[in-house]
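We did not get these values from a lab; they are worked out from the coordinates using the rules stated. These numbers come from a predicted model, not from an experiment. Note that each Cβ is placed from the backbone with ideal geometry, even for glycine, and that neighbours are counted across all protein chains shown.
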Amino acid sequence: MRGIRWATAATAWAALVAAGSVFAQPAPNPWWTGFIGSGRAVSLPDGRSLYLYCEGSGRPVVVMDSGLGDDASSWRTVQDQIAARTRVCVYDRAGYGRSGPGPLPRDTKAEVDDLEQLVKAAKLLSPEGSLAIFGHVPTGLPAPLLDQFRKISLAHTGRWGAPPEAGYLPSGPFKGWFDESGLFGPVDHRCYAWKWRHTTSSYAAFLGTRSEIRMLTQVVRDGLIGDVSKAIDRHGGEFEADYETHLYMARRIDSDSSRSTES
């Protein structure tokens, strides 16, 4: 297969939309049969492996990256629908599902590096292909909650700063990765603003999936999530947050046929 394109929903906050915990057990769904029976462990250059599952045929080839805290099963109700039109692949991030752990810290750069290695090792990107990466970035909270969240984080962890999703901003690594790879032409960057309404319970569940929260001790984690939940309750039990989706697109220009995919 030549001339394929691949797109990744590399969205660290996708768990807000497609909630699926890494601890969730497989639900009765034909997708699981294919995932377990037809998926494969793709070896990376450093000796690790990531579990990949592809369905459908045709082009473009779509590669979907789960949100922070999710494994490939977060796409179980979506993949079949896309597979009816073209070839679509999902994979378990390092440390989730059937993929082995990856080197720390598991920040945006680490996830980008893994995705690059996976796509090359599985030969999903052909010389004439294009690449599209997009991610959601939180850009605004109600001022009272932002101040309370800052105090809670400092009290429980001693840390406060930009979230890992900030890596999708133009100042992050993605544009530089395109430029430094030598594989792509000029990058087309686009930004789309949107809003999402959270409730106390949904935001608490979401926090429990985030890697930086899960790495805390149980006592610290429970205390932080509990105090955040109380702050949201005092705010009325819900709040609206601002987000931006940043999209980066570029066409591959090199001629290394060793990475092409043949059907």
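Listed from fewest to most Cβ neighbours within 10 Å, the set 154, 125 follows the order 154, 125.
Hey, which lysines would be in cross-link range of residue 230, C-alpha to C-alpha under 28 Å, not counting anything within fewer than 8 residues on its own chain? Within the straight-line limit of under 28 Å, residue 230 reaches these lysines: 151, 195. Label zone (residue 150, point 7 Å along Cα-to-C-beta; backbone nitrogen cut-off 13 Å) within the stretch 207-244: none. Neighbour counts of other Cβ atoms within 10 Å put 189, 246, 198 in the fewest-to-most order 189, 198, 246. Bridgeable lysines around residue 175 (alpha carbons under 24 Å apart, same-chain partners fewer than 8 residues away excluded): 109, 120, 123. The Cα-based radius of gyration of the stretch 57-200, divided by its Kirkwood radius, gives an Rg/Rh of 0.99. Run the quick spin-label model on residue 240 and residue 29: label points 7 Å from Cα toward the beta carbon, then report their separation in nm to one decimal. Reported label-point gap for residue 240 and residue 29 is 3.0 nm. As a proxy for reagent exposure, ranking 89, 191, 54 by other Cβ atoms within 10 Å from fewest up yields 191, 54, 89.
With R₀ set to 41 Å, the beta-carbon distance separating residue 205 from residue 253 gives a calculated FRET efficiency near 0.40.
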